[in-house]
Amino acid sequence: MVSLYKPNKKNSGAACSFSWSDKDKAVYISMIKQHSWNEKTRNGSFKENVNNPKAKLFIKLSLAEVSGIINCTERRTEFSGYHSSNQIVRFSLKPGFTAEKVFRGLSFSVTRETKEDSTNKTSINVGFSPDDLVLIREFLRFCLAKYFTISHKENLEKIASRSDNGSNSYGGNSKEDPPEEEEPEVSEDGEEIW
């Protein structure tokens, strides 16, 4: 898990965590708004918002979104996502630069709204420094590797199970031939397209 805490004295900060679930084979993002700021200790507090649904957001990322975020952190480009079920969640990462065109990091914005009432929404924004982006990128790469490892193991177990049942990896009995490979697509000049 990677957790980043970004409080500020304007009390508009946020905390953001990226976590992996072996069970779901998925990356989750959880965010929580800053609740308060203590000027004496120069610390922000989040714990008061733990039970406040209007101050928290959760996103389950697809593999394509994980890859998109990795690409975004490496190329310093924009990336956005959209999820819709009983609620709508929009998120985006956008690069920030100083007046001198020096890369400052990426801003991460997430908005959730109900389908029945678009005015019932929660928005959380957080900025990630270049150092934060290294942590996020490497954690997401780790998650992709975990996904591929778990999926590969599951596929091997399925193949072994089919073999134990007298069938081959193509789903039929051992007397069947494997499916024929398709010819690669070729352009007009004879070059392979894919």
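Some notes on this structure:
- Any hit, the stretch 40-52, residues being surrounded by 18 or more Cβ atoms within 10 Å (Cβ to Cβ), among the small types (Gly, Ala, Ser) and closer than 19 Å to Ile136 by Cβ: no
- Sole residue being more than 20 Å from Ser17 (Cβ to Cβ) and of a type in the set (Phe, Trp, Tyr), chosen from Phe103, Phe108, Phe128: Phe103
One line per residue, one yes/no per condition, for (1) acidic (Asp, Glu); (2) surrounded by 15 or more Cβ atoms within 10 Å (Cβ to Cβ); (3) at pLDDT below 95:
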position: His83; (1), (2), (3): no, yes, yes
position: Phe108; (1), (2), (3): no, yes, no
position: Asp117; (1), (2), (3): yes, no, yes
position: Val134; (1), (2), (3): no, no, no
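- Here is the figure for the stretch 7-43: residues that are over 18 Å from Arg112 (Cβ atoms) and either touching an Asp or Glu at 6+ places or on another chain (Cβ under 9 Å) or part of a loop (DSSP other than H, G, I, E, B) (or both) total 16.
- Inter-residue pairs, beta-carbon under 8 Å, first among the charged types (D, E, K, R) and in the stretch 50-75, second surrounded by fewer than 18 Cβ atoms within 10 Å (Cβ to Cβ) and assigned to a loop (DSSP other than H, G, I, E, B), 6+ apart: Lys56/Val50; Lys60/Asp24
- In summary, strands (runs of 3 or more DSSP E) completely within the stretch 46-141 and bearing 3 or more residues that are small (Gly, Ala, Ser) and within 17 Å of the chain's Cα centre (by Cα) occur at 79-84.
The values are calculated or read from the model by the stated rules, or taken from the named source; none is laboratory data. This one's a predicted model, so the numbers in the text were calculated from it and none came from an experiment. Here Cβ is always computed from backbone atoms with ideal geometry, including for glycine, and neighbour counts include all displayed protein chains.
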